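**Q** First, the structure itself, so that you have it in front of you.
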Amino acid sequence: MRSIASFLAFAMTALLVTALVMPAALAEEDKAGEKRLVGRIMSIDEDNSVIMIQVNNAPRTVVYNSKTKFTVMNNPGSLDELREGERVICLGEFDEKLRLVATRIDGRRN
């Protein structure tokens with residue numbers, strides 16, 4: 001009985017560590033020190049300023065605000081030009097909820 005309890009405690013600790021470390025591992029860091037997520041748009045919620053993207057089969061939340069710069073193929077663009085299924089590169093910093101608060105979102109048209 002004691003070994004089962006020890007195993008369960010170890011398994012729960014491993015799952016918790018994985019859940020906390022994995023989001024940061026999925027993000028890359030660009031030259032300016034910002035975090036970078038690359039994925040496909042799953043949904044755009046303009047009412048809550050949230051874009052859900054799929055990164056390596058995992059859904060990720062990207063939050064945008066008035067400071068977020070939108071581009072398409074590195075040219076000036078807007079949120080209205082982004083479409084579900086489109087590949088995007090998002091740069092920014094993670095908040096306390098592990099959402100990427102984007103400073104730039106670039107639509108890649110493929």
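**Q** Across region 73-80, in residue order, what do the Karplus-derived ³J(HN,Hα) couplings come to in whole Hz, using 6.51 cos²θ - 1.76 cosθ + 1.60 with θ = phi - 60° and x for Gly and Pro?
**A** 6, 6, 10, x, x, 8, 4, 4
**Q** Can you give me the long-range amide H partners of Val55? Hydrogens built in the peptide plane at 1.01 Å from N, cutoff under 5 Å, separation of 5 or more residues or another chain.
**A** So Val55 has HN proximity to Arg60.
**Q** What FRET efficiency do you get for Asp47 and Asp80 if R0 is 22 Å and r is their Cβ-Cβ distance, rounded to the nearest 0.05?
**A** On the way: r = 15 Å, r/R0 = 0.67.
E(calc), rounded to 0.05, equals 0.90.
**Q** So, one more: Using R₀ = 22 Å, calculate the FRET efficiency as 1/(1 + (r/R₀)^6) where r is the Cβ-Cβ separation of Arg108 and Asn65; round to 0.05. Don't jump to the answer; show the numbers that get you there.
**A** Working: r = 22 Å, r/R0 = 0.98.
So the FRET efficiency works out to roughly 0.50.
**Q** Along region 36-53, what does the Karplus equation 6.51 cos²θ - 1.76 cosθ + 1.60 (θ = phi - 60°) give for ³J(HN,Hα), rounded to whole Hz, x for Gly and Pro?
**A** 9, 10, 10, x, 10, 5, 8, 7, 10, 10, 5, 5, 10, 6, 10, 10, 9, 10
**Q** Before anything else, pin down the relative contact order of region 28-107: Cα pairs under 8 Å, at least 6 apart, normalised by residue count, whole percent.
**A** On the way: 163 pairs, mean separation 25.7, N = 80.
Rounded, it is 32 percent for region 28-107.
**Q** Right, here's the next one. Can you list residues from other chains, or at least 5 along the same chain, whose modelled amide H is less than 5 Å from the amide H of Gly77?
**A** For Gly77, the qualifying residues are Phe70, Thr71, Val72.
**Q** Starting from the 7 Å offset along Cα-to-Cβ, what nm value, one decimal, do you get for the label separation of Ala58 and Arg87?
**A** 2.0 nm
**Q** Taking H placed 1.01 Å from N in the peptide plane, check which residues at least 5 places from Glu86 or on another chain put their amide H under 5 Å from its amide H.
**A** Correct list: Ile41.
No value in this document is a laboratory result; all are computed from the given coordinates. No experiment lies behind these values; they were computed from the predicted model shown. A quick note on method: Cβ atoms are made from the backbone with ideal geometry, for glycine too, and the neighbour counts reach across all protein chains shown.
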